[in-house]
1. Would you check which residues across the stretch 203-218 are at pLDDT 90 or above and either part of a loop (DSSP other than H, G, I, E, B) or open to solvent by 20 Å² or more (accessible area, probe 1.4 Å) (or both) and list them?
2. Leu134 - would you say it is more than 13 Å from Gly371 (Cα to Cα) and buried (at least 17 other Cβ atoms within 10 Å of the Cβ)?
3. Step by step: first the residues of the stretch 219-238, then only those that are in contact with a strand residue (DSSP E or B) (Cβ under 7 Å, 6 or more places away or on another chain) and assigned to a loop (DSSP other than H, G, I, E, B), then the one that is surrounded by the most Cβ atoms within 10 Å (Cβ to Cβ). Which residue is that?
4. Within the bounds of the stretch 322-332, is there any residue that is open to solvent by 30 Å² or more (accessible area, probe 1.4 Å), modelled with pLDDT under 95 and under 20 Å from Gln208 (Cα atoms)?
5. I'm told Thr69 meets every condition in (1) assigned to a loop (DSSP other than H, G, I, E, B); (2) at pLDDT 95 or above except one. Can you identify the failing condition by its number?
6. Working only within the stretch 82-110, note down all residues that are of a type in the set (S, T, N, Q) and surrounded by 24 or more Cβ atoms within 10 Å (Cβ to Cβ).
Amino acid sequence: MELPGPARIGSVRAHNLALVLRAVASASSPVSRAEVAAATGLTRASVSGLVDALVAGRLLRETGAPTRTGVGRPSTGLVLDDGGPAGLGIELNVDHLAACVVDLSGAVRVRRVVSSSFPVVTLAQEAVSEAQELGLTLSGVALAVPGLVDPATGELLVTPNLDGGAGEVLARLGALQSVPLAVENEATLAARAEQRALGAAAPRSFLQVSGEVGIGAGLVLDGQVYRGRHGWSGELGHVTVRPGGRPCACGSDGCLEQYAGLRAIARAAGSADVAGRAAAGSADIAGRAAAGDASMLAALADAGEALGLALAGALNLLDLDAVVLGGAHAELAPWLVGPIEAQLERRLVGAAVSRPVVRASVLGVDAAALGAAWSVLDRVLEDPAGWLSS
């Protein structure tokens with residue numbers, strides 16, 4: 001049997017840098033070097049050298065606020081540096097584009113939402129410029145898209161609701177930036193964002209429904225995002241809820257998004273279309289519903305019933321803790337939750353014993369762009385040595 005070779009010094013250092021950085025990132029308040037040493041099992045001398053490197057690289061900073069770990073003089077606290085690396089997340093959707101820049105501490109420093117007619121590259125350039133004016137250094141860009149993405153290459157494989165220019169957008173964004181560009185399904189990123197925002201309060205297993213013109217879903221199982229064999233899980237919008245029903249852009253008919261997507265709801269209520277982006281469109285729908293518009297209330301009830309049908313099948317199969325209504329559906333939750341729960345009560349095998357919670361996302365329409373930006377910074381936290389050597 002061939003034994004593995006000894007670990008290289010650089011590999012050990014890279015591992016320990018990540019260990020120290022994650023120890024600080026997981027703390028709810030500033031921590032001392034001594035506390036980091038106790039949490040990681042490293043010697044105080046090792047931690048001190050690693051912390052110095054992370055501070056010099058703008059990944060950690062000393063707060064000046066002392067922390068007391070026992071007898072003796074208080075120690076200086078360590079926190080993530082909010083003036084160092086930043087992640088740019090861009091959501092490319094049918095009716096809107098969203099961009100946000102998030103610093104290493106998780107704070108949103110730049111946020112913009114515009115119509116889908118706005119040039120994506122211009123939006124990215126403006127977000128980068130604003131970040132630079134704030135003294136931030138971009139460490140990467142992540143693009144959230146509604147469709148199937150090859151997880152190995154980042155190639156867009158199927159985007160039923162986007163025109164054929166999506167691939168060109170990716171090429172131009174890639175040429176624009178000197179930093180890595182990643183691409184992932186928007187519902188998967190939204191689920192990761194919800195998980196991060198809730199922290200310890202996040203359900204262990206849940207389905208994040210991302211309702212826009214199309215409908216996607218991000219699946220979290222036992223705390224881990226599940227992407228499926230090809231990375232294509234979560235295409236809830238193309239579950240058939242009305243066999244032989246309305247034709248869908250995917251080539252099938254009777255798909256969920258043709259009954260519960262924003263445009264479908266608006267059409268069912270007698271509107272030609274919704275406003276130019278998801279947030280405005282859901283606001284239009286919610287405004288009519290709140291005013292007691294009978295046709296809109298009926299359209300939302302039908303949409304909730306269709307959602308309940310699709311979700312009942314998923315929940316009977318997967319036995320999850322919760323369903324989170326995200327994207328534009330978050331604002332419409334007051335009218336969707338009731339019909340959804342009625343279908344779950346009727347169709348879930350274990351409904352009499354326990355039924356999953358159905359609620360609105362805490363992030364709403366920002367979830368996908370935030371998840372994209374945070375995914376960039378996750379890579380920095382996992383490999384700070386890569387950032388320090390760049």
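The values are calculated or read from the model by the stated rules, or taken from the named source; none is laboratory data. The shown structure was predicted, so the numbers you read here are calculated from the model rather than taken from an experiment. Because the Cβ atoms are built from the backbone with ideal geometry, glycine has one as well, and the counts that use them run over all protein chains shown. Ligands, DNA and RNA are excluded from the accessible area calculation, which covers all protein heavy atoms including side chains. Shrake-Rupley method; radii C 1.70, N 1.55, O 1.52, S 1.80 Å.
1. Taking the stretch 203-218 as the starting set, the residues that turn out to be at pLDDT 90 or above are 203-209, 215, 217-218.
Selection gives Pro203, Arg204, Ser205.
2. Numbers: more than 13 Å from Gly371 (Cα to Cα): yes; buried (at least 17 other Cβ atoms within 10 Å of the Cβ): no.
Criteria not met by Leu134.
3. Taking the stretch 219-238 and keeping what is in contact with a strand residue (DSSP E or B) (Cβ under 7 Å, 6 or more places away or on another chain), we get 219-220, 225-226, 231-238.
Filter once more, so that each one left must be assigned to a loop (DSSP other than H, G, I, E, B): 231-235.
Working: Gly231: 16, Trp232: 17, Ser233: 20, Gly234: 27, Glu235: 23.
Only one residue fits best here, namely Gly234.
4. Residues of the stretch 322-332 that are open to solvent by 30 Å² or more (accessible area, probe 1.4 Å), as a first pass: 331.
With modelled with pLDDT under 95 added as a condition, the list becomes 331.
Among the residues that remain, those that are also under 20 Å from Gln208 (Cα atoms) are: 331.
Yes; the residues of the stretch 322-332 include at least one that is open to solvent by 30 Å² or more (accessible area, probe 1.4 Å), modelled with pLDDT under 95 and under 20 Å from Gln208 (Cα atoms).
5. The number of the failed condition is (2).
6. Within the stretch 82-110, the subset of a type in the set (S, T, N, Q) is 93, 105.
Matches in the stretch 82-110: Asn93 only.
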